[in-house]
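Contents: one structure, followed by commentary.
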Ligand code: HEM
Ligand SMILES: [Cu+2]
């Protein structure tokens with residue numbers, strides 16, 4: 001043991017040298033904890049930006065012909081930036097510098113108001129609405145949720161939970177973050193280029209995507225983002241296989257680690273087709289190839305000069321082969337976070353751990369067999385549709401298992417209603433609504449009516465916003481004391497929770513109703529021009545208020561983050577009295593190089609809460625607590 005520690009320390013020294021300069025410590029760090037936090041801050045900034053783009057769109061949907069009060073957005077973000085500067089001051093540059101995120105967003109909205117092609121005389125042009133929509137979806141999914149769920153939580157928590165000193169390939173880890181960062185910056189720059197940002201949705205369907213402006217930079221940025229994800233995925237897989245502490249057998253892994261491992265496999269297997277697909281689309285745009293472009297196509301009255309005879313549907317296959325597994329890339333880490341928090345706060349072992357793990361394998365495998373349920377309207381024929389309908393119904397079973405396990409775990413527990421637990425509890429019914437609304441879409445006959453309506457938007461927002469982002473908030477409140485040694489304020493956390501929950505349901509619930517009434521997605525006026533939309537048009541204003549309510553209540557969260565960093569008191573290393581290694585074996589925050597003061601050894605499964613030990617009930621038994629010798633006669 002002592003030998004092992006000595007060996008580990010010497011490798012740690014070789015890896016990191018004794019004294020790292022400021023740049024190597026905070027910017028180009030190879031420490032998984034720093035990289036996790038970098039991913040976290042960047043992803044939160046992108047989530048805020050993606051949210052802001054949507055808040056602008058919601059104005060156009062609610063009041064399409066009225067000039068918007070854009071100055072409210074500009075001044076709101078400016079004030080927040082200044083407040084953050086003041087909270088941070090000179091003494092805490094890491095807080096003050098975040099003020100630039102808010103000022104940057106304010107600057108971007110101001111820039112929009114100065115452009116004839118964006119917000120002339122205050123109202124929004126339909127083309128600009130399309131840009132906002134495409135960028136909102138892209139930013140939220142590829143630059144916000146996945147980097148937060150995988151890049152931040154995966155990077156920070158996974159090595160700690162398995163008892164590893166770092167990731168297997170620390171330099172690849174650093175490269176993964178910086179490649180992602182460059183992709184994100186490129187994506188943003190596209191707003192300022194002639195022709196503006198992408199306009200063809202987050203799905204970038206050709207032929208439109210090949211002929212519209214903005215898409216070239218979108219595609220290049222996506223190639224960066226995808227490459228970053230692939231590097232990350234390899235790292236997560238190798239780390240989990242190779243670097244588990246002694247005694248950390250597969251069935252002792254915390255469930256969160258399992259979700260990250262399966263997620264990494266999904267990324268690794270599903271992203272390469274999209275990477276190739278994106279490069280093909282890029283070639284179609286810049287070199288005049290015709291992977292996706294049909295010869296003889298007429299655009300604006302003219303026959304376009306395309307010889308190759310490509311097929312636009314090819315893109316949909318490549319895109320959805322990634323993008324269906326991608327939805328599980330969002331939801332699996334969310335389920336992992338919720339499982340950790342629900343178990344910890346019911347003070348009971350996770351009910352059905354094995355069933356959960358097998359369900360993960362099943363859902364991961366099945367997620368590659370359902371993708372064309374996004375394509376029932378492409379004329380695939382009924383035998384192909386039958387396959388995808390059947391697999392889609394089958395893949396819903398593991399989701400039901402996850403929900404059932406959460407409820408059974410709660411059953412009879414003495415629940416602690418702290419802030420992370422509130423978010424985790426809300427996730428259960430919210431994900432339930434998301435999953436249930438997916439079932440009709442999975443069957444071709446109802447999908448013929450519902451496809452491309454607001455119903456689809458309602459469905460997937462229930463799974464990604466209250467279904468995933470709520471879980472990510474739960475994770476932030478839960479692991480914040482791990483990362484900083486300080487606990488976020490309870491009262492502000494509760495305000496944030498209730499406002500977000502109410503706002504989200506107001507913003508997304510009516511979408512289901514509008515969709516069933518047949519209102520199409522991607523209309524800048526929310527359906528104003530259509531007769532059949534008139535009876536449900538009033539809901540547009542409600543939904544917009546829902547969205548703005550969500551925004552207002554995020555102020556409580558942002559203030560909480562910065563005030564706690566500045567003023568919060570140091571809490572104990574294991575505030576939640578948890579059993580997993582990140583809490584029981586490492587200090588909060590963990591040791592800079594190598595995480596643990598002594599290499600941990602694992603003796604038991606992950607969630608031993610209120611279990612009998614030698615005839616008495618122990619409130620919680622950490623994974624690294626050695627077995628007690630059985631008492632004589634006991
Ligand atoms: C529980 C079972 C689920 C079923 C049966 C299901 C089914 C479907 C179907 C059939 C569509 C295509 C509808 C159409 O375009 O006409 C769809 C769209 C979508 N679903 Fe789900 N889904 C489920 C869960 C999820 C989860 C867990 C997520 C994400 C975390 C998700 C995210 C999405 C997204 C993002 C879209 C829309 C993509 C777009 O067209 O822009 N779904 N879902
Ligand atoms: Cu799907």
- Query: Against the longest principal axis of the chain, how steep is helix 170-189, in degrees 0 to 90 to the nearest 10, with axes from Cα atoms?
  - Reply: 30 degrees
- Note on the structure: The FRET efficiency for residue 532 and residue 185, from their Cβ-Cβ distance with R0 = 51 Å and rounded to 0.05, is 0.75
- Message: Can you compute the modelled spin-label distance between residue 614 and residue 303, with each label point 7 Å from Cα toward Cβ, in nm?
- Response: 9.0 nm
- Task: Give me the percent of DSSP beta bridges within the chain that run antiparallel, rounded to the nearest 5.
- Result: 90 percent
- Message: How tilted is helix 470-484 with respect to the longest principal axis of the chain? Cα atoms for both, answer in degrees (0 to 90, nearest 10).
- Response: 40 degrees
- Query: FRET efficiency for residue 83 and residue 20, Cβ-Cβ distance as r, R0 = 45 Å, nearest 0.05?
  - Reply: 0.90
- Task: Give me the number: length gained by fully extending residue 192 to residue 100, i.e. 0.36 nm times residue separation minus the C-alpha to C-alpha distance, one decimal in nm.
- Result: 31.3 nm
- Message: With the crude spin-label approximation of a point 7 Å out along Cα→Cβ, what separation in nm comes out for residue 577 versus residue 269?
- Response: 4.1 nm
- Mean separation of Cα contacts under 8 Å, 6 or more apart, over the residue count of region 557-627: relative contact order %: 29 percent
- Message: Just want the ordering: 361, 497, from fewest to most Cβ atoms lying within 10 Å of their own Cβ.
- Response: 361, 497
- According to a simple spin-label model (label point 7 Å from Cα along Cα-to-Cβ), what is the distance in nm between residue 276 and residue 92? 5.0 nm
- Rounded tilt (10° steps) of 70-88 against the dominant C-alpha axis of the chain: 20 degrees
- Work out the FRET efficiency for residue 358 and residue 246 from their Cβ-Cβ distance, taking R0 = 25 Å, and round it to the nearest 0.05. 0.45
- Message: I need to check one value: relative contact order of region 185-240, counting alpha carbon pairs closer than 8 Å and at least 6 residues apart, in percent.
- Response: 32 percent
- Note on the structure: If N is the residue count of region 420-566, its Cα Rg over 2.2 N^0.38 Å rounds to 1.20
- Message: For Cα pairs less than 8 Å apart in space and 6+ apart in sequence, what is the mean separation divided by the residue count of the chain, i.e. the relative contact order in percent?
- Response: 15 percent
- Task: Mind pulling the per residue volume of the convex hull built on the Cα atoms of region 214-283? Å³ is fine.
- Result: 75 Å³
- Task: Provide 419, 495 in ascending order of the number of other Cβ atoms located within 10 Å of each residue's Cβ, fewest first.
- Result: 495, 419
- Message: If neighbour count is taken as other Cβ atoms inside 10 Å, put 531, 166 in order from fewest to most.
- Response: 531, 166
- Taking the alpha-carbon centroid of each part, what is the distance from region 444-485 to region 82-103 in angstrom? 30 Å
- Taking the Cα atoms of the chain, report the difference between the largest and smallest coordinate on each principal axis, in whole Å and largest first. 90, 61, 47
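The numbers here are math on the coordinates, done by the rules we state, and not lab data. Nothing here was measured: the structure is a model prediction, and the numbers come from that model. Don't worry about glycine lacking a Cβ; one is built from the backbone with ideal geometry, like all the others, and counts go over all protein chains shown.
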